[in-house]
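One structure is given here, and the rest of the page talks about it.
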Amino acid sequence: MKSVIRVEVPPQSYDIAIAPGSLDDIGVWMSRLKLGKQVLLVSNPAIFRRYGERAIAALKLVGYQVSHCTLPAGERYKTLKSIQKIHDAALQNRLERSSTLVALGGGVIGDMTGFAAATWLRGINVVQVPTSLLAMVDAAIGGKTGVNHPQGKNLIGAFHQPRFVLIDPQVLQTLPPRELRAGMAEVIKYGVIWNADLFAKLENTKRLDQLRYLDDELLSFILSSSCQAKADVVSQDEKEAGLRAILNYGHTIGHAVESLTGYKVVNHGEAVAIGMVAAGQIAVELQMWTSQEAERQKALIEKAGLLTQLPPGLEIDAIIDTLQTDKKVKDGKVRFVLPTQIGQVSITDQVPADVIRQVLNHDLSMDN
């Protein structure tokens, strides 16, 4: 089941290794990179209790000097205040430019650790060890790092590629079912934007909402296909000059939903699922793809146990206003990633506000 995927981003391309049981070999994998001996491991309390000592022991086994820092779990703690805690730990433990931050956790920990690494001493090494499905297939790959601003998600950040990404599928055994479903939203995204075979494979799977329905072969296929899709896109467009923007499929409205609910009602994957349903329906309204394809997408999202409607109490006008603060706005126009067929999307800023409003009111409202 072991596979290694290369992300080609010169001058510092890197590998994604997918290998069951590899958490106990992290020191061996990292020793091949010729990094400095000092390591600061960053995690949250729950993940650290479960996997922290194993990771530290594996690093110490090959001679690394390891310290650790834990941050509260949750998107609402993805702030500059948390970054300062990592910086404080880096200073206290005398990290140097050859030192490495290791992110052990989900997407929030990965984003914050990457941003702290990008900004400490103007940039030090970071290794990503994702423990959630969402982080494994998306957040840990590609070098997007950052934190949230009170007015919007991920508005503060930097591109800072990891030196290495280590994925141990066995840690998913302890992932809460809701977090598995959240990660499945990003997997479905890759099927829609890049890989029609992945989409078909997911359609032919009886259930996607619990890990026990995914055998080792299917899980390996999901991880390798998703990581390969992300690696392909990032290798062609590292800093989102063009193609990479397709990775934001479902995220435009999804980020608005997350922000307006204070990151407390829906998690990232659930918001992306809602955003994908919205984007699919907008594409139907603009006659870019068929209602049959939109229904196939919605059925797959439902099979993964994900939301397809807006949470109650959200004002449609507030969503439309929030879209204007999105990072992808250009010349005042909101850019949407919209599907044209399963496995292919296009980017447009020609989506009339009344179409967005109609879709949110009629297709995603719980009142209908």
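Got a sec? Which residues in segment 214-245 would a label at residue 13 touch, if it sits 7 Å along Cα→Cβ and we count backbone N under 18 Å?
Counting only backbone N, you get 227-239.
Give me the log10 of I(q) over I(0) for segment 44-169 at q = 0.15 Å⁻¹, as the Debye formula computes it from C-alpha points; what are the numbers?
The calculated log intensity ratios at q = 0.15 Å⁻¹ are -0.62.
In nm, to one decimal, how far is the residue 122 label point from the residue 170 one, both placed 7 Å along Cα→Cβ?
4.2 nm
Residue 287 to residue 32: extension gain in nm, 0.36 nm per residue of separation minus the Cα-Cα distance?
Numbers: separation 255, 0.36 × 255 = 91.80 nm, distance 5.12 nm.
Stretched out fully, the residue 287 to residue 32 stretch lengthens by 86.7 nm.
Per the helix-only calculation at 222 nm, which mean residue ellipticity applies to the chain, given -39500 (n - 2.57) for every DSSP H run of n ≥ 4 and division by its residues, nearest 500 deg cm²/dmol?
-12500 deg cm²/dmol
What is the Cα radius of gyration of the chain over 2.2 N^0.38 Å, N being its residue count?
Normalised by 2.2 N^0.38 Å, the Cα Rg of the chain equals 0.95.
So how far apart, in nm, are the two label points at residue 92 and residue 197 if each is 7 Å from Cα heading toward Cβ?
It is 4.9 nm.
Specify the inter-centroid distance of segment 225-290 and segment 127-159, based on alpha-carbon positions, in whole Å.
Here the answer is 14 Å between Cα centres.
Could you tell me the accessible area of residue 30 in Å² (1.4 Å probe, neighbours in place), rounded to the nearest ten?
Counting only protein heavy atoms, residue 30 exposes about 0 Å² to solvent.
Largest first and in whole Å, what are the equivalent-ellipsoid semi-axes of segment 264-353 based on the Cα gyration tensor, each being the root of 5 times an eigenvalue?
The three semi-axes for segment 264-353 are 20, 19, 11 Å.
Per residue, how much accessible area does segment 1-41 have with a 1.4 Å probe, in Å²?
Per-residue value: 47 Å².
For a bin width of 5 Å, list the pair-distance distribution of segment 40-80 built from all Cα-Cα distances, rounded to whole %.
Each 5 Å bin holds this share of Cα pairs: 6, 23, 28, 18, 13, 8, 3, 0.
Straight-line reach from residue 201: which lysines fall under 23 Å, measuring Cα to Cα and dropping same-chain residues less than 8 apart?
Reachable lysines: 2, 189, 230, 298, 303.
Only Cα pairs within less than 10 Å get springs; with that Gaussian network setup on the chain, which residue of 159, 336, 199 has the largest fluctuation?
Looking only at 159, 336, 199, the largest GNM fluctuation is found for 159.
Quote the convex hull volume per residue of segment 7-70, based on C-alpha atoms, as a whole number of Å³.
Details: hull volume 6.7 nm³, N = 64.
With only Cα atoms used, segment 7-70 gives 105 Å³ per residue.
Over the chain, what is the percentage of antiparallel beta bridges among all DSSP beta bridges, to the nearest 5?
40 percent
7 Å from Cα along Cα→Cβ at both residue 261 and residue 365: what's the point-to-point distance in nm?
For the pair residue 261/residue 365, the computed spacing is 1.8 nm.
What percentage of the solvent-accessible surface of the chain, computed with a 1.4 Å probe over protein heavy atoms, is contributed by carbon and sulfur atoms?
Values: 7250 of 15340 Å².
That fraction is 47 percent.
Please work out the average accessible area per residue across segment 172-215, using the 1.4 Å probe convention, and give it in Å².
Here the per-residue accessible area is 45 Å².
How about residue 34: which lysines have a C-alpha closer than 20 Å to its C-alpha, ignoring those fewer than 8 places off in the same chain?
Filter leaves 60.
Strictly greater than 14 Å: what percent of every Cα pair in segment 111-150 meets that? Numbers along the way, then the final one.
Numbers: 357 of 780 pairs.
The share of Cα pairs beyond 14 Å in segment 111-150 comes to 46 percent.
The values are calculated or read from the model by the stated rules, or taken from the named source; none is laboratory data. Because the structure is a prediction, the values reported are computed rather than measured. Glycine gets a Cβ as well: all are built from the backbone with ideal geometry, and neighbour counts include every protein chain shown. Protein only, heavy atoms only, side chains kept; ligands, DNA and RNA dropped before computing areas. Shrake-Rupley method; radii C 1.70, N 1.55, O 1.52, S 1.80 Å.
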